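What follows is one structure encoded as structure tokens, with my remarks underneath.
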Amino acid sequence: MRDLAEMHTIHVEVTNACHLRCANCTRHVGHHKKPFFMDLETVERAIDSLEGFPGRVGLMGGEPFMHPQIKEIIEIFAKKTERRKRHIWTAGFKWEENKDLIYEHFDEDYITYNDHTAPGKHQPLLVAIDDVVEDKELADELINNCWVQEQWSASITPKGGFFCEVAASLDYLLDGPGGVPIEKGWWKQSLDAFKNQMATSCRKCSAPIPLPHESDGFGGRTGPTKDTISKSNYEILKERSLKVQKGNYKILNTKFTNEDIIKNSFSWTPSRYRDFISHSSEDSSKHRLLSPETKIKAR
Amino acid sequence: MEKKSKHIFEGKIYTDENFKEAVKNFSFISKCKFINCDFTFAYFKEAKVFETEFENCNFYKTHWEASGFKDVIFKNCTFEGTFYSSSKFINSHFKECYINSVKFRGTHFKESLIENLEILKSEMSRSIFENSKLNKITFSKCKMFMFMCLNANLSEVEFKDSNLTLSKFLDCEKKNTVIHETNKQLCMFVKNNKVGS
């Protein structure tokens, strides 16, 4: 794992609501009974807490444009961050309506657009590592070298600051202990400060396990999407997850040996599941198989 | 889509230049030569560097994350605490450099040559050496989780006290290359059609 100060981005996650319903979503969209919407005071405090952070401040969801106060949020970003220090991620919700506002405040290369209309792959994220990896020393190694923490970002949600964006979402889903207080410089703390979060989230997560990738289901446009989960997570989620209660899951009940892990790791490139990056709907159109207007069938 | 650089270095020779703490992210550097230059604590993130030579330069804690290097030579340079994560080197050459505690995490070396140096206490997890030559190199106390050598030529390479879990050596040519038992290698894959000694 790496220190947060080394990361290229720390996200401010303004909501975990999304109009799409991808399989194995990194924000566990579809599972939550009630999504969160960060209030404006917390958005300001989150950005202020990143003063001096050498990387970028990410405006992230869910889908940020599902937030009813997104215009005010973008104004806060514009007021408090340099243009080259901010980056927005969108799944394209009301793109035509919102794109002028986005272009006004973000450079094109710092707009990441993914409406999931092109074939997409996702890593299963709800397989508890201790349920499936036999060698406990190897399980620890996989966690300590998780690609999400080493290649993606940390994040801030209404529950605090987190060392990993997937851990932040899991904390919300599993009603975990929350993040560290959103105070100036929280991201300068050593990884020891996040041990509590790691203990709650990493053992319940499958990001670090070399597993076969699965289709994202075009964001739910082709029908209900199923998440792959393991037994111990099923026991927790059956009480609290809408997606599980609707039967949109499949159980992975396999024990992986070290040989299986080697074999699975050959074609495993989870941080490079898309071989293109889109900055707009127009960009995405070269790769898409479905129209972004296609009705989302999964609920 | 690529952002146009504000910092352009083109066709110049820089001698004894001080780039200490300079912030020059997204630089475009082409056909330059840097001799005895100091890049201590400088930011050159997401730079594009072409046909350039660095000689006797100091890269103490310099940030080169997510940069691209093509036809670049580093000779007799000092790298300590340097950040190269997620960078790509194509047809580039590291020669007789001092490399200590450098972050090469997720870095891709393609058709490159690394020779006569020790890589000490550095992070090389998920880095790839593809169609590259490693000659007289020692990797010592390095973190090399999911490190990969693909169709590489390893001559007199030594791996010691490093973590090689889930590393792979595929279709490599190896000569006088030793993976010591002091390495951590919970699972490792070696499949070399062209096995040397």
Rank-order A:223-233, B:26-36 by packing density, defined as the average count of other C-beta atoms within 10 Å over each peptide's residues, highest first.
-> A:223-233, B:26-36
Percent accessible area from carbon and sulfur atoms, region B:16-86, protein chains only, probe 1.4 Å = 44
Neighbourhood net charge (15 Å Cβ-Cβ; Lys/Arg +1, Asp/Glu -1) for A:TRP187 | -2
Computed FRET value (nearest 0.05) for A:ASP100 with A:SER285, which takes r as the C-beta separation and R₀ as 22 Å = 0.75
Inter-chain shielding of A:255-265 (mean C-beta neighbours from other protein chains, 10 Å cut-off) | 2
So, relative contact order of region B:16-86 in percent, Cα under 8 Å, 6 or more apart, is 28
Solvent-accessible area per residue for the protein assembly as shown (1.4 angstrom probe, square angstrom) | 42
Under Stokes-Einstein, with the Kirkwood radius over Cα pairs standing in for Rh, what whole-number D in µm²/s applies to region B:16-86 at 25 °C and 0.890 mPa s?
-> 210
Honestly region B:104-197 on the Cα gyration tensor test (a ≥ b ≥ c root eigenvalues; a/c under 1.5 rounded, otherwise a/b vs b/c for prolate or oblate) is just rounded
Could you state how much accessible area is buried at the A-B interface, both sides summed, with a 1.4 Å probe, in Å² to the nearest 100?
-> 2300
When the Cα centres of region A:248-299 and region A:168-202 are compared, how far apart do they sit, in Å?
-> 26
Quick one: with all protein chains in place, what share of the accessible area of chain A is carbon or sulfur, to the nearest percent (1.4 Å probe)?
-> 50
At least 30 Å² accessible surface lost relative to isolated chain, residues of region B:73-105 (1.4 Å probe) | B:ARG105
Report which residues of region A:126-169 become buried by 30 Å² or more of accessible surface when going from the isolated chain to the complete set of protein chains (1.4 Å probe; DNA, RNA and ligands ignored).
-> A:GLU137, A:LEU138, A:GLU141, A:ASN145, A:GLU150, A:GLN151
Solution diffusion estimate, µm²/s, Stokes-Einstein, chain B, Kirkwood Rh from C-alpha pairs, 10 °C, viscosity 1.306 mPa s = 94
What does the average come to when, for each residue of peptide A:47-58, you count the partner chain Cβ atoms lying within 10 Å of its Cβ?
-> 1
Determine the relative contact order of chain B: mean sequence separation of Cα pairs under 8 Å and six or more apart, normalised by residue count, in whole percent.
-> 10
Sorted by mean Cβ packing within 10 Å, highest first, what order do the peptides A:33-41, A:128-136, B:44-52, B:58-66 take?
-> B:58-66, B:44-52, A:128-136, A:33-41
Sorted largest first, extent of region A:4-285 alpha carbons per principal axis (Å) | 51, 43, 36
Once Rh is set to the Kirkwood radius over Cα pairs, what Stokes-Einstein translational diffusion coefficient, in µm²/s, holds for region A:113-203 at a temperature of 20 °C and a viscosity of 1.002 mPa s?
-> 149
Taking every eigenvalue of the Cα gyration tensor of region B:70-123, multiplying by 5 and rooting it, what semi-axes result, largest first, whole Å?
-> 16, 14, 8
Per-residue ellipticity at 222 nm attributable to helices in the protein assembly as shown (runs of n ≥ 4 DSSP H, -39500 (n - 2.57) apiece, nearest 500 deg cm²/dmol) works out to -5000 deg cm²/dmol
Of the cross-linked pairs A:LYS79/B:LYS6; B:LYS31/B:LYS160; B:LYS24/B:LYS184; A:LYS255/B:LYS110; A:LYS99/A:LYS195; B:LYS20/B:LYS70, which ones have a Cα-Cα span greater than 32 Å in the structure shown?
-> B:LYS31/B:LYS160; B:LYS24/B:LYS184; A:LYS255/B:LYS110; A:LYS99/A:LYS195
Relative contact order for chain A: what is it in percent, counting Cα pairs under 8 Å that are at least 6 residues apart?
-> 27
Taking only the alpha-carbon atoms of region A:236-299, the convex hull volume per residue, in cubic angstrom, is 171
Overall form of the protein assembly as shown per C-alpha gyration tensor (a/c, 1.5; a/b vs b/c) = oblate
Surrounding charge for A:ILE209, neighbours by C-beta under 14 angstrom, Lys/Arg +1, Asp/Glu -1, total -3
Peptide ranges A:84-94, A:54-64, B:7-17 listed from the most packed, as the mean C-beta count within 10 angstrom indicates = A:54-64, A:84-94, B:7-17
Go through region A:53-68 residue by residue and turn each phi into a ³J(HN,Hα) via Karplus (6.51, -1.76, 1.60, θ = phi - 60°); whole Hz please, and just put x for glycine and proline.
-> 5, x, x, 9, 9, x, 9, 9, x, x, 10, x, 6, 7, 6, x
Starting from the Cα of B:HIS7, step 7 Å along the direction of its Cβ; do the same at A:GLU183; then give the gap between the two resulting points in nm.
-> 3.4
Of the heavy-atom accessible surface of region B:145-188 (probe 1.4 angstrom), what whole percent is carbon and sulfur?
-> 42
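The values are calculated or read from the model by the stated rules, or taken from the named source; none is laboratory data. This is a predicted model, so every value here is computed, not measured. Every residue, glycine among them, receives a Cβ derived from its backbone with ideal geometry; neighbour counts consider all protein chains shown. All accessible areas refer to the heavy atoms of the entire protein, side chains included, with ligands and DNA or RNA removed. Shrake-Rupley method; radii C 1.70, N 1.55, O 1.52, S 1.80 Å.
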